1. What are the residues whose amide H is under 5 Å from the amide H of Asn90, where those residues sit 5 or more places off or on another chain and H is modelled from the backbone?
2. Given only helices, namely DSSP H runs of n ≥ 4 each adding -39500 (n - 2.57), what is the per-residue ellipticity at 222 nm of the chain, to the nearest 500 deg cm²/dmol?
3. Counting only residues 5 or more places away or on other chains, whose amide H sits under 5 Å from the amide H of Phe165 once H atoms are built in the peptide plane?
4. Taking only the alpha-carbon atoms of the chain, what semi-axes of the equivalent ellipsoid follow from 5 times the gyration tensor eigenvalues under a square root, in whole Å, largest first?
5. Could you go through segment 49-64 in sequence order and give the Karplus-derived ³J(HN,Hα) for each residue, using 6.51 cos²θ - 1.76 cosθ + 1.60 with θ = phi - 60°, rounded to whole Hz, and x for Gly and Pro?
6. Just want to confirm a number: the relative contact order over segment 11-301, from Cα pairs under 8 angstrom separated by 6+ residues, in percent.
7. Less than 15 Å Cβ to Cβ from Phe62, Lys/Arg counted +1 and Asp/Glu -1: what total charge do the surrounding residues give?
8. Picking from Ser137, Gly208, Leu17, whose Cα lies most toward the positive end of the charge dipole for the chain (charges on Cβ: Lys, Arg +1; Asp, Glu -1)?
Amino acid sequence: MAEENTSSVTEFILTGLTDQAELQIPLFFLFLCFYMVTVVGNLGLITLIGLNSHLHIPMYFFLFNLSFIDFSFSTAIVPKMLTSFISEKNFISYAGCMTQLFFFCFFVFSESFILSAMAYDPYVAICKPLVYTVTMSPQVCLLLLLGVYGMGVFGAIAHTGNIVFLTFCGDNLVNHYMCDIIPLLELSCNSSYVNLLVVFIVVTIGIGVPIVTIFISYGFILSSIFHISSTEGRSKAFSTCSSHILAVSLFFGSGAFMYLKPPSILPLDQGKVSSLFYTIVVPMFNPLIYSLRNKDVKFALKKTLDRIMLS
């Protein structure tokens, strides 16, 4: 079997989203469409930002990375999920499960902190416009990005390390469509209160620190907006922040609902539905939110399409 010091289970079976046979094929095509929209939307946004020099500014630097994270996040989860709809038993090896868990945690934490970094940009632009160029220099943006991915690595190592040292004695049926933390903890035969405490503390850091940062940023932003005398100026400032606020609400709302409640309050079957929001819906909607509500992105798309038509 597997290594004695890790587990007696060599592979897991993912139950998928539902066990109702008549829903499997419709759900397969539904989530395949979601994934295709996610891939096209995020890769399209990455391409647009890369090709158009007028988008090479801090706001779009972070949006470029958000799209990369969303695309990678979705790719780490959805293809394996789709197989659960079309196969009788969806097997995943122990190593494959731990790898999926690692990347899942890495991209969740990275998304959490990139949204936090994206709140800092409008704060500087609205509250400290005279020093914006210096404050949001390429070096500062790069340091912020290193912090984002550094926290991603921290979250991935903390959560995966918490699971790797557990023992899975016999039952290998994971009640989820992916290798997630709570279902694996419930499956383990030696998980304890300490393991749940580690999850709660790490998730609190991953959700709490960015949310506090975002709230503080928007507190200063709102204060500055209310001091703007012209209605047009206020409207422009609000529109600058609206897309980000919507993306933040979707991501943090679903994440907090899933992980900051005891499993007894939120049963795993409801947790699976909740997790759909941040694993599938959020990565799909982010490029739409930032594209449909953004004049610069629309202009870049028109410019790129015109360039293609003329070539």
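1. Placed amide hydrogens put Leu14 under 5 Å from Asn90.
2. -25500 deg cm²/dmol
3. Under 5 Å from the amide H of Phe165 lies no amide H from a residue far enough along the sequence or on another chain.
4. Each semi-axis is √(5λ); the values are 38, 23, 17 Å.
5. 5, x, 8, 10, 5, 5, 9, 7, 10, x, 4, 7, 4, 6, 5, 4
6. Contact order relative to length: 28 percent.
7. -4
8. Ser137
The values are calculated or read from the model by the stated rules, or taken from the named source; none is laboratory data. Predicted model only: the values in this text are computed from it and were never measured. Cβ sites come from the backbone with ideal geometry, for glycine too, and all protein chains shown count toward neighbours. Note: areas computed on protein heavy atoms with side chains; ligands, DNA, RNA excluded. Shrake-Rupley method; radii C 1.70, N 1.55, O 1.52, S 1.80 Å.
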